Every structure is written in C-alpha cells, then in structure tokens.
1. Which one of these does residue 29 not meet: (1) in contact with a helix residue (DSSP H, G or I) (Cβ under 8 Å, 6 or more places away or on another chain); (2) closer than 20 Å to residue 70 by Cα; (3) surrounded by 18 or more Cβ atoms within 10 Å (Cβ to Cβ)?
2. Return yes or no: is residue 32 closer than 20 Å to residue 86 by Cα and at pLDDT below 95?
3. For residue 270, indicate whether it is closer than 16 Å to residue 164 by Cα and either modelled with pLDDT under 95 or not assigned by TED's automatic domain parsing to the domain that holds residue 165 (or both).
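The values are calculated or read from the model by the stated rules, or taken from the named source; none is laboratory data. It should be emphasised that the depicted structure is a prediction, and the values quoted were computed from it without experimental measurement. Glycine also receives a Cβ, built like all others from the backbone with ideal geometry; neighbour counts cover every protein chain displayed.
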C-alpha cells in the first residue's frame, strides 16, 4: 500500500464488545483513501482475533500486536507504521461520524492548516449517571484560525483550561481524537505521547507539544466524534494515584508554558484546570467510597489531601471563584475551605 490521505490509529485493549462498531465506523468513512491501524496492546479478550479478522477482509487495515504499555505507547507504535499525509486518532470503544475525516481533511486543505479541531458528541451520560443521553459540544461557533505566536500560545492554554467567565473547564478540549494532525510535523519533530501510567492527560501534553511546532491551526464547529461512556461504575475508572498523576501533568504543562509565554497570561488557565481537576478527583473519591462502604474518616483524609496540597491552595486563593458557573463555584469554595461534608452532599445530589 502506498501513501494514503489519512492514517487512523486505534489503540485496542479488551474492547471485544465495542471494537466492531468502532472499526465499521472507520470503514464507512466517506473518504476512502485511508488506512486503519489497529494496535492491540496485549488484550486478554477476543480483541486480537477480531483485529486480525478485520485485516483479512479489508486491505486498508493494518494490525500491530505489542506488549501491554497503555494507550499512549500504542499510539506511538501506530505512528511508526503510519503512511498518511494526515493522522487521526480514535479510541476503540468510540466511533467517528461517516463524514468526520473527509470534513477534517477538507478544512486542512482549504485553510492550509496543520491542525484541525472539531467537536464531540458525548453519549450515555456522565461520571455520575448513565442515562442514555447525547450531548453535542462544539468548541467553535464558526471556522476559527490561529496564526500568530500569541494566538497559538492561547490555543495551548485553552487546551488545558479556560478563562473565568467561560462555561467549560477546557476551552478547546484536551483530547486528540476529535482532531486532525500532519504526519510530517509529528515525524520531523519526533513528537510522541507520554504514558498515561506516568501522568494524566497525555493527550493534552501531545497537543501542547504539537501546537508548538506549527504555524496555523483551525477550529471548525462540526461535532464529528462520538464518545461513549460505557462503564457506569466508578470502580471501573477510579485510580488511587489520580491526584498525584495530575500534579505531574500540572507541572509538565507549566514548564512548557514558561518557555514561550507570560505567567500572567497562562496561570489563570492552569488555575482553572486545577480547580476543575480537584473537583473531579474529589467527586470520584466520594463515589468510590460510597460504592465500597468506606468510613467517612477515610474519605475525609483523602479529601483533605486534595485541599491541603500547595498547588490547590495557591490556585483557589488566586482564582476568582465567584465568576465560575454556580455549581462549580460552590464546589470550589467547599474545597478551598475544606467543607468535606458539603462536597459529599453535592456529589450525592448530582448522582441521584
């Protein structure tokens, strides 16, 4: 197979229930000049044989079987094999709208953009409940371009966080799977994903590094990626070290921003990210404690660890919490003043 227009890289791990749906959505793309790279990360279910079966019947599909190292390393393996002019990433339990990659490529060609960003459709509820809902999120009201160094810097900041008056905690979304990248730029600059086992939000770090290597990015209003929340139990996604791994990410992002930005511009975005991250971690701790009938004293100790951390204290002291959306502001105040029982009540109310 010669070079193609788009290489779509799909990390695969124990997703036999969803893999067929995902791959079929890529096979049915309105742009046919693609290759689909399935990277089996030593799955323990039937996913490896499902990958091989798809490859037998579609010459556009390549399969890599590799030792288990996580999604970030699986994407790196896929990048080594990719031949496309452009690169897309799809998670194996999600799917792409039929016109997704044709639309992204069209925008890249029309605007000569080295990064094209789109929106997402969230399916099946939130971390609090699985209600079968669908929520469409567009990060751009119209085709929007970033071309100057300052604009691209603020795009990087908006990947991580948002300004106080903005409703979403990440202005442009952290994930790579709704975007289109240029393979030449990735290869030329030796860009790679870090392992999500080392830190959280490896997507965001890849985005920050990539944006630092380009001269133009474009955002489009289309929502083209369907993200499925498949597991309803918090036990499935709970990580005891989530807070510590988030701290590593925070400092890695801060170090990158310091290289070519001014603290008075980027710190407000980092503070927004951190208070939002603490809210999510606290909620997960509360839900996990509830599912496992942990005593309140144990939960309180975990919530205290979040509130007492120096990064948390500095972020909540500096941030204008009153400008946040009401529910976010209440939770942030509860963290700031260590009102653990209020945090618990808020999460209990949200999860009913």
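1. If we test residue 29 against (1) in contact with a helix residue (DSSP H, G or I) (Cβ under 8 Å, 6 or more places away or on another chain); (2) closer than 20 Å to residue 70 by Cα; (3) surrounded by 18 or more Cβ atoms within 10 Å (Cβ to Cβ), just (2) comes out false.
2. Values: closer than 20 Å to residue 86 by Cα: yes; at pLDDT below 95: yes.
So residue 32 fits the description; yes.
3. Working: closer than 16 Å to residue 164 by Cα: yes; either modelled with pLDDT under 95 or not assigned by TED's automatic domain parsing to the domain that holds residue 165 (or both): yes.
Considered against the rule, which asks whether it is closer than 16 Å to residue 164 by Cα and either modelled with pLDDT under 95 or not assigned by TED's automatic domain parsing to the domain that holds residue 165 (or both), residue 270 comes out as yes.
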